[in-house]
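Novice: Can you read through this structure? Questions will come right after.
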Amino acid sequence: MRLHIRSIEYNLWKIVEQGNFVPMNESTALAKDEEHYTTEDEKKLILNDKALNILFCALDSTEFGRVLACETTEDAWESLQTTHEGTSQVKESKIEMLFRDYELFGMKTRESIIDIYKRFSNLINDLKGLGKSFATLELVKKILCSLPES
């Protein structure tokens, strides 16, 4: 049963990344007419709707409004990615700005250890969200170097 659930999850994510499943006629390489759908085709078509429904259910009303007109899960996902991450150029600019903040990171006057840790964690999480990763040792060294000698 667990393997079956993972298989469904994989197929749903595949729909997000590659687009809706379209039943194809093997001999003509064209989309099948509905009357020629097999049981397997119908199961896969249901996954198209499930994937879009899961995505819709996971969104708040503002985000839902952005993707309501999307007909496929792939379109909805791309719309959300562009909205939140921007284009590849915007993403790269964000990474550069955040990495500059990381390089210049230091404790501010009258800042508590808790505050500096929160600020550092937010910065690292933002960078990780954009695909930049760090070794734990590197992060520990960075935060220790940013503390004042006192």
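Novice: Can you find, within the range 43-85, the residue that is surrounded by the fewest Cβ atoms within 10 Å (Cβ to Cβ) among those that are under 17 Å from Pro23 (Cα atoms) and among the basic types (Lys, Arg)?
Specialist: Lys43
Novice: Name the single residue, out of those in the range 98-121 being loosely packed, with under 11 Cβ neighbours inside 10 Å, in a helix (DSSP H, G or I) and aliphatic (A, V, I, L, M), that is farthest from the chain's Cα centre (by Cα).
Specialist: For the range 98-121, the residue satisfying everything is Ile113.
Novice: Restricted to the range 14-42, and to residues that are part of a helix (DSSP H, G or I) and surrounded by 13 or more Cβ atoms within 10 Å (Cβ to Cβ), which residue is farthest from the chain's Cα centre (by Cα)? Outline the logic, then answer.
Specialist: Of all residues in the range 14-42, those part of a helix (DSSP H, G or I) come to 14-18, 34-36, 39-42.
From what is left, the residues that are surrounded by 13 or more Cβ atoms within 10 Å (Cβ to Cβ) are 14-16, 41.
Numbers: Lys14: 14, Ile15: 14, Val16: 11, Asp41: 28 Å.
Looking at the filtered set, the residue picked out is Asp41.
Novice: Additional query: Quick check on Val16: is it within 25 Å of Asp126 (Cβ to Cβ), at pLDDT below 85 and touching a Phe, Trp or Tyr at 6+ places or on another chain (Cβ under 8 Å)? Outline the logic, then answer.
Specialist: On the way: within 25 Å of Asp126 (Cβ to Cβ): yes; at pLDDT below 85: yes; touching a Phe, Trp or Tyr at 6+ places or on another chain (Cβ under 8 Å): yes.
Yes: the conditions hold for Val16.
Yes/no per residue for (1) among the charged types (D, E, K, R); (2) outside the structural domain of Lys14 (by TED's automatic domain parsing); (3) over 30 Å from Ala135 (Cα atoms):
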{"residue": "Thr39", "(1), (2), (3)": "no, no, yes"}
{"residue": "Gly65", "(1), (2), (3)": "no, no, yes"}
{"residue": "Glu103", "(1), (2), (3)": "yes, yes, no"}
{"residue": "Phe120", "(1), (2), (3)": "no, yes, no"}
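Novice: Which of (1) in a loop (DSSP other than H, G, I, E, B); (2) in the same structural domain as Leu12 (by TED's automatic domain parsing) does Ala76 not meet, given it meets every other one?
Specialist: The single condition Ala76 does not satisfy is (1).
The values are calculated or read from the model by the stated rules, or taken from the named source; none is laboratory data. All of these numbers come straight from a predicted model, not from anything done at the bench. No Cβ is skipped: glycine too gets one built from the backbone with ideal geometry, and neighbour counts run over all protein chains shown.
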